[in-house]
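J.: Sharing a structure below in structure tokens format, with a few things to ask.
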Amino acid sequence: MSKLFDTAKVLHLEVTDVCQAECPLCARETDPLFNKDLKHNLTASDMINILGEQFISRLDKMFMCGNYGDPAAGANTLSIVDYFRQVNKHITLGMNTNGGVQSPSWWTELGQRFDQPTDYVVFSIDGLEDTNHIYRKKVNWSKVMNNAAAFIKAGGSAHWDMLVYEHNENQVDIAEQVAKDMGFTWFRAKVSKRPSNISWLRPPKTWIQPPIATGTIDCHVLKEQSVYMSARGIVYPCCWLGHNSEFTIDKFDDISRSWSLTPNPTCAITCATNQHGTNFTNQWQRNIALC
Ligand code: SF4
Ligand code: SF4
């Protein structure tokens with residue numbers, strides 16, 4: 001495939017492109033080429049056939065997120081987790097989710113599987129009962145709370161990530177306290193970097209948009225030694241390139257050659273630098289360990 005694949009230590013896996021939510025700035029909603037009716041769910045066999053045991057056994061970490069789906073909505077998520085643990089006992093396992101799919105018993109099963117000290121689930125909870133669904137459309141608050149509580153009770157390390165907008169900026173302190181009371185291990189609040197032309201989705205009142213970095217490229221995946229696999233089973237250098245079939249992992253050498261001349265536009269938007277870091281880094285506004 002590419003040297004990046006041969007030396008990867010981290011795998012970002014989109015186990016599914018299914019999700020019950022309708023976050024207005026998600027690629028599910030904004031990508032005109034994405035068809036919600038064509039559902040893709042990876043299987044444990046895909047891991048063997050596409051990635052191979054040798055690749056999986058040398059990973060330090062596998063985390064499930066992606067561009068179009070929520071890993072908790074995947075048809076085979078638990079069996080994929082089991083497969084990774086079977087091949088690689090000490091691998092760190094992670095997941096990002098809206099938390100509103102599946103039942104508490106499913107989350108208990110996941111919490112029991114995520115039993116290494118560095119395993120985690122990031123719950124994207126954008127406020128409280130009266131605000132979470134404003135951006136996380138169609139996510140049921142009670143389900144999120146019950147699922148997160150079940151995961152934590154089963155021993156899982158849960159992180160609360162909150163996107164801050166004008167409509168929920170007054171709730172950051174309360175959300176942090178709720179996270180602490182429930183036993184979350186981290187609380188983070190950030191302002192979304194996804195551009196919004198939606199009139200009711202405004203950044204916090206005092207927010208000043210940092211200047212867009214336009215300097216040299218500092219490639220995130222080269223630093224992290226990671227690769228990304230989409231729910232269609234296609235391997236890309238990273239999720240930002242993961243919607244474009246021109247930029248699969250075997251094109252990484254061409255992509256990286258572009259950086260010193262005319263950078264690939266996605267690389268420029270994501271990984272160009274200024275004195276504060278890249279357009280991707282430095283986005284956390286509040287990042288607090290709760291225990
Ligand atoms: S929860 Fe995640 S995958 Fe689902 S619509 Fe929102 S951003 Fe997209
Ligand atoms: S967008 Fe380009 S520069 Fe950034 S991580 Fe992906 S391949 Fe690297």
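The values are calculated or read from the model by the stated rules, or taken from the named source; none is laboratory data. Only a predicted model underlies this, so the values are computations on that prediction, with no experimental measurement involved. All Cβ positions, even for glycine, are placed from backbone atoms using ideal geometry, and neighbour counts span all protein chains on display. Heavy atoms of the whole protein, side chains included, go into the accessibility calculation; ligands, DNA and RNA do not. Shrake-Rupley method; radii C 1.70, N 1.55, O 1.52, S 1.80 Å.
J.: So, for the stretch 201-291, what is the accessible surface per residue at a probe of 1.4 Å, expressed in square angstrom?
T.: So the stretch 201-291 comes to 58 Å² accessible per residue, rounded to a whole number.
J.: Could you tell me the accessible area of K143 in Å² (1.4 Å probe, neighbours in place), rounded to the nearest ten?
T.: Approximately 90 Å² of K143 is accessible to the 1.4 Å probe.
J.: Report the residue, chosen from I217, I249, I174, that carries the largest GNM mean-square fluctuation when the chain is represented by alpha-carbon nodes joined by springs under 10 Å.
T.: I174
J.: Still on this model: Cross-link partners among aspartates and glutamates for K180, C-alpha distance below 20 Å, same-chain residues fewer than 8 apart left out?
T.: D119, D126, E129, D130, D161, E169
J.: Oh, and also: For the chain, how big is Rg over Rh, using alpha carbon atoms and the Kirkwood form of Rh?
T.: With Rh from the inverse mean 1/r over Cα pairs, Rg/Rh is 0.95.
J.: Which residues among the stretch 1-29 fall inside the zone where the amide N is under 16 Å from a point 7 Å beyond the Cα of E53, along Cα→Cβ?
T.: No residues fall inside that zone.
J.: Follow-up question, since we're still on this one. Ordering V18, V227 by accessible area with a probe of 1.4 Å, largest first, what comes out?
T.: V18, V227
J.: Sticking with the crude label model, points 7 Å out along Cα→Cβ, report the distance from D181 to S103 in nm, one decimal please.
T.: So the label points at D181 and S103 sit 2.8 nm apart.
J.: Let's see if you can work this out: charge +1 on each Lys and Arg Cβ, -1 on each Asp and Glu Cβ, no other charges. What is the dipole magnitude of the chain about its Cα centre, in debye to the nearest 20?
T.: Values: 27 positive and 30 negative charges, 43 e Å.
It works out to roughly 200 debye.
J.: Bin all alpha-carbon pair distances of the stretch 1-100 at 10 Å intervals from 0 and give each bin's fraction as a whole percent.
T.: 15, 45, 29, 10, 0
J.: To the nearest 10 square angstrom, how much accessible area does Y135 have with a 1.4 angstrom probe?
T.: 10
J.: Also, quick follow-up: To check you understand DSSP bridge types, tell me what percent of the beta bridges within the stretch 1-111 (both residues inside) are antiparallel, rounded to 5.
T.: Approximately 10 percent, going by the DSSP bridge assignments.
J.: Summarise the accessible area of the chain (1.4 Å probe, protein heavy atoms) by the percent that is carbon and sulfur.
T.: 52
J.: Using helices alone, what [θ] at 222 nm do you get for the chain, with -39,500 (n - 2.57) per DSSP H run of 4 or more residues, divided over all residues and rounded to the nearest 500?
T.: -7000 deg cm²/dmol
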